[in-house]
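Student: One structure coming up, written as structure tokens, with questions to follow.
The values are calculated or read from the model by the stated rules, or taken from the named source; none is laboratory data. From a predicted model like this one, the values you see are computed outputs, not experimental measurements. Heads up, the Cβs are rebuilt from the backbone with ideal geometry, glycines too, and the neighbour counts pull from every protein chain shown.
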Amino acid sequence: MYIGKDIIDCPEYQKQEQMMQDIIVKINQAKGAQEKERFAQGMHEEADELLSCQGYDSKKLDCKNCHFIANLRKKTIDLIIKAKKLA
């Protein structure tokens, strides 16, 4: 599912979202857990970048949504990394 970059009005999110979408495509096309895990590491870094945003304002809904999405993606990536360890 594509979350869409129009949902959150933030230039930093817009930039990171495009990079994360590119990584998602690579993960989905990857063959095997090891290759998926390699791309997953890149997604982890992109999510961390959003979570460490200097402009974060806990009162803004866009910021809250951005952090929510970044945390969901990190949890998904953690599952991919765990699957690689089990393979």
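Student: All but one of (1) under 28 Å from Leu86 (Cβ atoms); (2) modelled with pLDDT of 90 or more; (3) over 10 Å from the mean Cα position of the chain (by Cα); (4) among the hydrophobic types (A, V, I, L, M, F, W, C) hold for Met20, so report the exception by its number.
Tutor: Met20 satisfies all of (1) under 28 Å from Leu86 (Cβ atoms); (2) modelled with pLDDT of 90 or more; (3) over 10 Å from the mean Cα position of the chain (by Cα); (4) among the hydrophobic types (A, V, I, L, M, F, W, C) except (3).
Student: Which fully enclosed helices (runs of 4 or more DSSP H) of the chain have 3 or more residues being small (Gly, Ala, Ser), touching a helix residue (DSSP H, G or I) at 6+ places or on another chain (Cβ under 7 Å) and in contact (Cβ under 8 Å) with a residue 12 or more places away in the chain?
Tutor: Working: elements: 11-29, 33-51, 61-86.
So the answer is 33-51.
Student: Within the stretch 26-44, take every residue that is under 12 Å from the mean Cα position of the chain (by Cα) and of a type in the set (A, V, I, L, M, F, W, C) and give me the one that is surrounded by the most Cβ atoms within 10 Å (Cβ to Cβ). Steps first, please.
Tutor: Here is the first cut: in the stretch 26-44, the residues under 12 Å from the mean Cα position of the chain (by Cα) are 27, 39-44.
Of the ones still in play, those that are also of a type in the set (A, V, I, L, M, F, W, C) are 27, 39-40, 43.
Values: Ile27: 19, Phe39: 20, Ala40: 25, Met43: 22.
Among them, the one singled out is Ala40.
Student: Residue by residue through the stretch 4-17, note down the ones that are under 13 Å from the mean Cα position of the chain (by Cα), at negative phi and not charged (D, E, K, R).
Tutor: Tyr13, Gln14, Gln16
Student: Select from the stretch 45-81 the residues that are surrounded by fewer than 18 Cβ atoms within 10 Å (Cβ to Cβ) and in contact with an Asp or Glu (Cβ under 7 Å, 6 or more places away or on another chain) and write down the one among them that is nearest to Ala33 (Cα to Cα).
Tutor: Ile81
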